[in-house]
Amino acid sequence: HAQKTDKFMGEIVNYDESTVPAYTLPEILLTTKGERVKNTSIWEKKRRPELLALFEEHVYGKTPGSFDSLKFIVTNEKADAMQGKAHLKEIKITAWNKGNLVSFPVVLFIPNNRKKPAPVFLLINNRSNRNTDPTRAEKSTFWPAELMIDSGYAIAAFHHGDVAPDRKDSYQNGVLAHLFPAELEKDNGMKAIGVWAWAASRVMDYFKTDKEIDFNKVALVGHSRGGKTALWAAAQDQRFAMVFSSCSGSTGASLARRKYGETISLINKQFGYWFNNNYKKYSNDVNSLPVDQHMLIGLIAPRPVYTTNATEDRWADPYGSFLSLENAKPVYDLYGKKVALPKDMPAVNSPIINSAMGYHFREGKHDLNVYDWTNFIHFAKLHF
Ligand code: GCU
């Protein structure tokens, strides 16, 4: 019998569907000046930029538009990795700004059995970097590289902590302090999630230079805080052709206005360093937030997006995450994309694949596992 409330950090956490207070979402297809968004042209010229700016200003912070230069070095390579099935490349990405630099490693396996450049899945790895072991001495279900190679996909990863440490007392000690110190002074300056998303775009820059990779078929994957980041990265950088966001919860795929599981107040208390300073204003006033998370999904349209939840992860508000998709559908409709979401929450372990917005609610824990990746492959086979 599941508990209906919990207490955490001095707050009552609600897990009772029947006590979720009523809320009104800001309208996705209405500009702040009150203009109806009736077609993709108004969406792209007015509403999309407006929503991006609102998320920058009030939630994730503004990503600096430029820096001085970027360099890629292949630091290790193995043409016959995985018993000859894959080409391993370890790449060091270095970015410079105003005389300072930051480097971070990327690991990439490309299938050898192919005739064309390979589509690729890039994971923002927010767990141990042993999950992405280039030697394959350790194998992890969090990044099942062999499965992806056998399915015809390249698979890549970088570790989020290499660009912004995932700690409230040291998140600055990476890209922020070295490349963009001025951001730390601003209330709308990017913080950890902004930096992780920025780094995903730098890996995208690298893919553009690698002839073995199909640059038009780059799927971004993230779990939890990495899943929040994947959505934000793809919202900003339209070069990502597809997004998979696993159990991303609050300030990811789940609606902020639903009082269920983690709230803005709770996430700001524990993980304030992920979001800009302005976001703190909404801790006790979520209804005044000019956006909600369905709009983040809308910013990904018309590109295919897939989100997941797990039965034992009520903290991430699975239903609120499904509702986000449903409320972003009008944007996909503008583009004439087929969205086949059921009217209500899908049954457990019943993935929705044949739809530009995919979703599954799987059995089990807050995690990214082989069940998830297998459905991501099915989705990619259909939509790439
Ligand atoms: C915490 C946090 C979540 C986050 C999760 C994770 O539980 O409250 O918002 O998604 O960590 O990243 O695993």
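Please treat every number below as a calculation from the coordinates, not as lab data. Since this is a predicted model, take the numbers as computed values, not measurements. Because the Cβ atoms are built from the backbone with ideal geometry, glycine has one as well, and the counts that use them run over all protein chains shown.
A few notes on this one:
- In the stretch 180-279, taking the dipole from charged Cβ atoms about the Cα centre, the farthest positive-side position among Ser245, Leu220, Ser265 is held by Ser265.
- For the stretch 1-80 versus the stretch 287-330, the gap between their alpha-carbon centres in whole angstrom: 9
- Both radii are taken from the alpha-carbon atoms of the stretch 160-222; with Rh as the Kirkwood radius, Rg/Rh is 1.07.
- Just checking the listed ones, Gly194, Gly272, Gly34: in the Gaussian network model of the chain with Cα springs under 10 Å, the one fluctuating most is Gly34.
- Linear extension gain, Thr94 paired with Gln3, 0.36 nm per residue minus alpha-carbon span: 27.9 nm
- Simple Cβ-charge dipole of the chain, Lys/Arg +1 and Asp/Glu -1, about Cα centre, in debye nearest 20: 740
- Among His58, Gly174, Ser41 - extreme Cα towards positive end, dipole of the chain, charges at beta-carbon: Ser41
- Sites Leu184 and Ile73, calculated FRET efficiency, Cβ-Cβ separation with R0 22 Å, nearest 0.05: 0.20
- Normalised by 2.2 N^0.38 Å, where N is the number of residues, the C-alpha radius of gyration of the stretch 84-224 stands at 1.09.
- For the pair Asp344 and Thr311, label points projected 7 Å from Cα toward Cβ lie 1.7 nm apart.
- The percentage of C-alpha pairs in the chain whose separation is greater than 28 Å is 43%.
- Gain on full extension, evaluated as 0.36 nm per residue between Asp285 and Glu11 minus their Cα-Cα distance, stands at 97.2 nm.
- Packing order of peptides 80-88, 61-69, highest average first: 80-88, 61-69 (average count of other Cβ atoms within 10 Å over each peptide's residues).
- For the chain, the mean residue ellipticity at 222 nm estimated from helices alone is -7500 deg cm²/dmol, where every DSSP H run of n ≥ 4 contributes -39500 (n - 2.57) and the total is divided by all residues, rounded to the nearest 500.
- Rg/Rh (Cα only; Kirkwood hydrodynamic radius) as it applies to the stretch 240-310: 0.98
- Note on the stretch 50-113: Cα convex hull, mean projected area over all directions, 6.9 nm².
- Where a label projected 7 Å from the Cα of Thr19 along Cα→Cβ would reach, residues of the stretch 253-290 with amide N under 16 Å: 258-263
- Proximal lysine pairs, the stretch 154-261, alpha carbons under 21 Å, eight or more residues apart or interchain: 7
- Once the gyration tensor of the Cα atoms in the stretch 108-168 is diagonalised, the equivalent ellipsoid follows with semi-axes of 24, 13, 8 Å, ordered largest first.
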